[in-house]
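S.K.: Before anything else, here's the structure in question.
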Amino acid sequence: RAKAAGGNRFEFADAEADARAITRHGLTNALPAALERGEFFIEYQPLVHLHDGSVHGAEALVRWSHPQYGVLGPDRFIPLAERTGLIVPLGRWVLEEAVRQARNWQRQHGGSALRINVNLSPTQLHHPGLVADTVAVLENSGLAPGALCLEVTESALIGADDELLEPLRRLAALGVDIALDDFGTGYSNLANLRRLPVSVLKLDRSFTKGMQQQPANPVDVKIVEGIVALAHSLELAVTVEGVETGAQAAQLRDLGCDTAQGWYYARPGAPDRIHTLSLSDAVPTPS
Ligand code: C2E
Ligand code: MG
Ligand code: MG
Ligand code: MG
């Protein structure tokens, strides 16, 4: 009935939905060969200390250079790779490549301070090889476990039982940092934080957005203030994502956040750009 009443518009919407489903199907089928052919690549986005703008490390963000559709962002294919399980070999490739890259930066700088953040999706958390694979990648590269931070979304850990947390506890015991990504969006029980083997909270971009207006959104300011106080009392560091303006950076620094990431500092890009922002070179800091 709706279709008849809406005429072409609905048929058009249906056709569009069909086209999207066909594309999803095609992309899903193409994933394994794409991994074999080396069509994935990683962009790196610097993480910066808010107090002086020096580079703390970088987050590895995967992209797919698709022969037909061009460069696809992770939101287009990670969910598909999750569903088919291809995320396990793809995630292992990202980890290996990112850790190798971090080790290269360290060699070029002659220091060991530069750190690398790698995202883990829920399927990887459930995969029994996670700890052994991670340990092997670290040993083969020579990167210290303390230079690696694995990012897990808050929603992936909501209601997590001890069995799910065990591999993360083991990695944390080896010195690997675990960050709670997109924090503040998952409605998790704050008291639950004590149970999780995490050392970093990555505050979701939605809070950073509230700092963009002048004056900053007072409710967001209160929330960030509360989260920072709680995090620091539990000895967790606070990273903020999506910092796009100097005003946001200044506000978040004044609220006590530790590190930041966002277009204001640098967009995700090629690995050679990271080491041009050297460890001590301050990138522009808010006044
Ligand atoms: P995320 O881990 O929360 O990564 C941050 C996202 O915010 C990235 O999007 C980054 O490009 C974007 N971003 C950074 N600064 C700004 C800013 O100032 N403004 C705005 N508007 N956006 C900013 P991207 O690269 O599209 O990645 C999206 C998500 O895909 C990531 O969110 C992460 O959850 C997932 N992802 C990326 N790489 C991997 C991977 O190797 N494995 C897995 N499992 N997931 C990945
Ligand atoms: Mg992340
Ligand atoms: Mg995030
Ligand atoms: Mg996010």
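The values are calculated or read from the model by the stated rules, or taken from the named source; none is laboratory data. Here the structure is a predicted model, which is why all the values come from computation and not from measurement. Positions of Cβ are backbone-derived with ideal geometry, glycine not excepted, and every protein chain shown enters the neighbour counts. Side chains are part of the model used for accessible areas, which takes the heavy atoms of the whole protein and leaves out ligands, DNA and RNA. Shrake-Rupley method; radii C 1.70, N 1.55, O 1.52, S 1.80 Å.
S.K.: Based on this model, can you work out whether ARG76 counts as away from ligand 4 (no atom under 16 Å from the Cβ) and in contact (Cβ under 8 Å) with a residue 12 or more places away in the chain?
M.R.: no
S.K.: To continue, here is another question. Does VAL238 meet the test of being in a strand (DSSP E or B), modelled with pLDDT of 95 or more and among the hydrophobic types (A, V, I, L, M, F, W, C)?
M.R.: So VAL238 passes the test.
S.K.: Now a separate question. How many residues are under 13 Å from the mean Cα position of the chain (by Cα), modelled with pLDDT under 95 and more than 13 Å from ligand 2 (Cβ to nearest atom) when one looks only at the range 132-184?
M.R.: Matching residues across the range 132-184 total 0.
S.K.: In addition: Going through GLN101, GLN108 one at a time, which residue ends up being under 19 Å from PHE41 (Cα atoms) and either open to solvent by 20 Å² or more (accessible area, probe 1.4 Å) or away from ligand 1 (no atom under 15 Å from the Cβ) (or both)?
M.R.: GLN101
S.K.: If you don't mind, there's one more thing I want to ask. Need the failing condition index for ALA216 against (1) at pLDDT below 90; (2) open to solvent by less than 30 Å² (accessible area, probe 1.4 Å); (3) under 18 Å from ALA260 (Cβ atoms); (4) within 16 Å of ligand 2 (Cβ to nearest atom), just the number.
M.R.: It is condition (4) that ALA216 fails.
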